[in-house]
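Peer 1: Please see the structure below; I have some questions.
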Amino acid sequence: MLSVVTYTYNDNGFVLSLLRRLERFSSVVGQVVVVDDGSDAPFVAPPGPFADRQLVVRHAANQGPAFAKRSGLARAAGPYILSADSDIAWDALWFYGALELARDPGVGLVGARILEKNHGDSLSAARHFASLAKAGEEERGFARGGLWLMRKDVFDAVGGLGDYDRATHEDWHFCRKVRQRGWRVALPERGTVLQTRRIGRAQCVRRDALYLADAYAALIAQGEPAAILKVMALELNEAKAIAAECGCPLLVYLALAKFAAVFARLEGAFAGSGAGGVAMAAVAAAFAAYPLLVRTVAGDCGLASPAQDIPQGDPGALGAIFAYLAEIVGADVLRDLEETALPRALAEEASLGHDFHFMDGRP
């Protein structure tokens, strides 16, 4: 039988939706664990087919997704464990294919190629096309933490997540431990898995920057800043290619804003404060002809509000980096962003709003 573990933080509706979707697989579900990671309104287990097999684990305060996984997975009792973020939806083709893979003694962890759901607005469409373009690029030995299926004996053998005390990146850590014990990390070839949450533009930028900042800091510490420039150029060119093919120039904006947010985070870390003025000055200098783009980047990075002046100053070496990135993007794409894509995206988000995400309110 299967233990299903999911997580909530002020978004209990997503868990209720997941439980409804799970009913079609109820014959193989022996336990449901819901980790309430400090929600303002505590999660209450609903009546239904899982009423007699539900366990709610409540944290007094929010501690982040990695700790929620550590807390919930440790309570899974079944011979198979399914860990699913509450906004992830999968079809039967993925589910039964994943179960078959998990039974293979050479497989330690089964994941999924998770697609972003297209809600019809510019932002979600851009993220959907980006995830679709990358769906076939299986990263060897890695499964994103949004959806995992594994045998409990594997989880116990690697020590679970008991040795991990950071708020994020638990998926890289756990996959590495599985591989080190000689098991494969597998992704089924068939089936569809969607992330259904509508995430706001600023949340996209700040979340992705949080995930990248440590990697960039490590490259800087190793004396390899040129490697960062190479990675940025590659990612920006990929975003341009997908944007041109699918008509979603907002992807290019998201890459630029993420880079600005990463350097703002690094600047604050190295300065011992919440700095970021130099990074924003570099953006302002490189994209001076596109004031809406500059203001939007500043707001999305948390460095300015619409009523504030954009930080100015000497951009230093970052100025040259962002000038180089501006050349890669090109004037045609930048004009499209400034005059069409960003105004449309800003208007859409103002009318549509977005679903809560765990990154809200975090630095």
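The values are calculated or read from the model by the stated rules, or taken from the named source; none is laboratory data. Computed from a predicted model, the values in this text were never measured in an experiment. Cβ placement follows ideal geometry from the backbone for every residue including glycine, while neighbour counts extend to all protein chains displayed.
Peer 1: Go through (1) at pLDDT 90 or above; (2) surrounded by fewer than 21 Cβ atoms within 10 Å (Cβ to Cβ); (3) on the phi < 0 side of the Ramachandran plot one by one and return the number of the condition Ala186 breaks.
Peer 2: It fails just one condition, (2).
Peer 1: Going by the structure shown, is Arg207 at pLDDT below 95 and among the basic types (Lys, Arg)?
Peer 2: Against the criterion (at pLDDT below 95 and among the basic types (Lys, Arg)), Arg207 qualifies.
Peer 1: Within the group Ala241, Ala275, Ala284, Ala279, which residue is modelled with pLDDT under 90 and out of contact with any Leu (no Cβ under 9 Å at 6 or more places or on another chain)?
Peer 2: Sole residue among the options that is modelled with pLDDT under 90 and out of contact with any Leu (no Cβ under 9 Å at 6 or more places or on another chain): Ala275.
Peer 1: Would you please list the contacts, defined by Cβ atoms under 8 Å and residues six or more apart or on different chains, that run from a residue in the range 311-338 that is on the phi > 0 side of the Ramachandran plot to a residue that is assigned to a helix (DSSP H, G or I) and at pLDDT below 95?
Peer 2: Between residues of the range 311-338 that are on the phi > 0 side of the Ramachandran plot and residues that are assigned to a helix (DSSP H, G or I) and at pLDDT below 95, the close pairs are Gly313/Gly277; Gly313/Val278; Gly313/Ala281; Gly316/Val278; Gly316/Ala282.
Peer 1: If you go through the range 130-145 one residue at a time, do you hit one that is among the acidic types (Asp, Glu) and at pLDDT 95 or above?
Peer 2: No: zero hits.
Peer 1: Of all residues in the range 1-22, how many are touching a strand residue (DSSP E or B) at 6+ places or on another chain (Cβ under 9 Å) and among the charged types (D, E, K, R)?
Peer 2: Of the residues in that region, 1 qualify.
Peer 1: Sticking with this one: Since Asp153 meets every condition but one in (1) assigned to a helix (DSSP H, G or I); (2) surrounded by 15 or more Cβ atoms within 10 Å (Cβ to Cβ), which condition does it not meet?
Peer 2: (2)
Peer 1: Just to be sure I understand the filter: pairs with C-beta atoms under 9 Å, separated by 6 or more residues or on different chains, first member in the range 227-239 and farther than 14 Å from Lys258 by Cα, second member modelled with pLDDT of 85 or more. Which pairs pass?
Peer 2: Asn237/Ile328; Glu238/Ala130; Glu238/Ala133; Glu238/Leu251; Glu238/Ala255
Peer 1: Next question. Taking Trp148 and the conditions (1) outside any helix (DSSP H, G or I); (2) among the aromatic types (Phe, Trp, Tyr); (3) outside the structural domain of Tyr80 (by TED's automatic domain parsing), which numbered condition does it fall short on, given that it satisfies the others?
Peer 2: For Trp148, the exception is condition (3).
Peer 1: Here's something else I'd like to know. Hey, any hits in the range 54-72 for a residue that's out of contact with any Pro (no Cβ under 6 Å at 6 or more places or on another chain), at pLDDT 95 or above and aromatic (Phe, Trp, Tyr)?
Peer 2: no
Peer 1: For the range 53-75, which residues satisfy the criterion of being part of a loop (DSSP other than H, G, I, E, B) and either among the aliphatic types (A, V, I, L, M) or crowded, with 20+ Cβ neighbours inside 10 Å (or both)?
Peer 2: Ala60, Ala61, Ala74, listed by residue number.
Peer 1: While we're here: Give all pairs with beta carbons closer than 7 Å in which a residue from the range 6-23 that is small (Gly, Ala, Ser) meets a residue that is at pLDDT 95 or above; count only pairs at least 6 apart in sequence or on separate chains.
Peer 2: Going by the 7 Å Cβ cut-off, there are no qualifying pairs.
Peer 1: If Gln312 meets every condition in (1) modelled with pLDDT under 90; (2) part of a helix (DSSP H, G or I) apart from one, which number is that one?
Peer 2: Failing condition for Gln312: (2).
Peer 1: Shifting gears a bit: Can you tell me which residues in the range 1-28 are within 15 Å of Leu147 (Cβ to Cβ) and assigned to a strand (DSSP E or B)?
Peer 2: Answer for the range 1-28, where residues must be within 15 Å of Leu147 (Cβ to Cβ) and assigned to a strand (DSSP E or B): Leu2, Ser3, Val4, Val5, Thr6, Tyr7.
Peer 1: Out of the residues in the range 90-138 meeting the condition of being of a type in the set (A, V, I, L, M, F, W, C) and without any contact (Cβ under 8 Å) to a residue 60 or more places away in the chain, tell me which one is nearest to Ile199 (Cα to Cα).
Peer 2: Selected residue: Leu132.
Peer 1: Residues in the range 156-187 that are assigned to a helix (DSSP H, G or I) and closer than 22 Å to Arg75 by Cβ: how many?
Peer 2: Selection size over the range 156-187: 9.
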